[in-house]
């Protein structure tokens, strides 16, 4: 039996085919341009930002600050529980039963204090604070690379027994310091890839594929931000193509394996410092002296800077970057709307 379609039938068939194609292309653009991942990009998309809706007096109130820290930690734990890619049972048992050294840790001998610090996430300030906690007489004095090196040596030399005792101390301050992935990316590029920075030459030699993206577009940087983003988008899934400064925070600090009890966001340090001072028993923080870079009380500066750098970038490149730093977004509650180019999750 043959099926015969009239004029209306052909029209309906054509409309159906058009709808299927439109859905396919929309879905392709909305969830990523290349296969091989099953990430829920909806977790990253910015919807509404409570930091823009709440007045500053409420945000700095001790109870609000405490709830903010509790929410961050609970959120991170929930993502870890559901993120099967993030850890294995064997790894979890190893990290629970022994001291696994991490070169990003900053500790203070004799104090229940540990912070996983990363470049462009306030690392200098945390190192500075650790120096002042370790040597009270040095507080207020200039902080230098020797102090940072001393902190690193102390962490690396911590014996297994003391390390495990620190991680299992219920009264210890165990924190991971984080920043919006795109804010961190912009800051790292802006510092490490300037033409007058010798580190830029090192990066081009260490990562030869990056040379393919070098141009004279940016008079201040060896590679423009858009072209650097392209390099990351096409080669960043393989971490051997990423310098330490551009590796995902999740990869370096392993928040699903170490028992962190605080998530400290660079963007909200000025709001959180009251609670942090009380918990750490300190009167001043180094970042009160040097500032926290892009941050303003309403976070507008961070939002606008990120939007400015991403406004000429294709949606496909942005989605690839989100895929690379996916767990940095979802673990720490950061968001990004690819249509409005609005960053969020600063609280």
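Every read-out reported here was derived from the displayed coordinates using simple, explicitly stated rules and does not represent laboratory data. None of these values were measured; they are calculated from a predicted model. Cβ sites come from the backbone with ideal geometry, for glycine too, and all protein chains shown count toward neighbours.
Here are some notes:
- Tensor-based shape of region 155-239 (alpha-carbon gyration tensor, a/c under 1.5 rounded, otherwise prolate or oblate): prolate
- The listed peptides 316-328, 129-141, 241-253, 80-92, ordered by packing as a protection proxy, come out as 316-328, 241-253, 129-141, 80-92 (highest mean of other Cβ atoms within 10 Å first).
- Inter-part distance where region 211-235 and region 176-198 are each reduced to a Cα centre, Å: 14
- In terms of the mean number of neighbouring beta-carbon atoms within 10 Å, the peptides 272-284, 222-234 order highest first as 222-234, 272-284.
- P(r) of region 189-244 over all Cα-Cα pairs, binned every 10 Å from zero, in whole percent: 26, 62, 12
- Measuring how big region 68-146 is from its alpha-carbon positions, Rg and Dmax come out at 16.2, 47 Å.
- Order of 311, 217 - criterion: other Cβ atoms within 10 Å of each residue's Cβ, fewest first: 311, 217
- Only alpha carbons enter this Debye calculation for region 185-297, each as an equal point scatterer, and the log10 of I(q)/I(0) it gives at q = 0.19, 0.21, 0.24 Å⁻¹ is -1.03, -1.12, -1.28.
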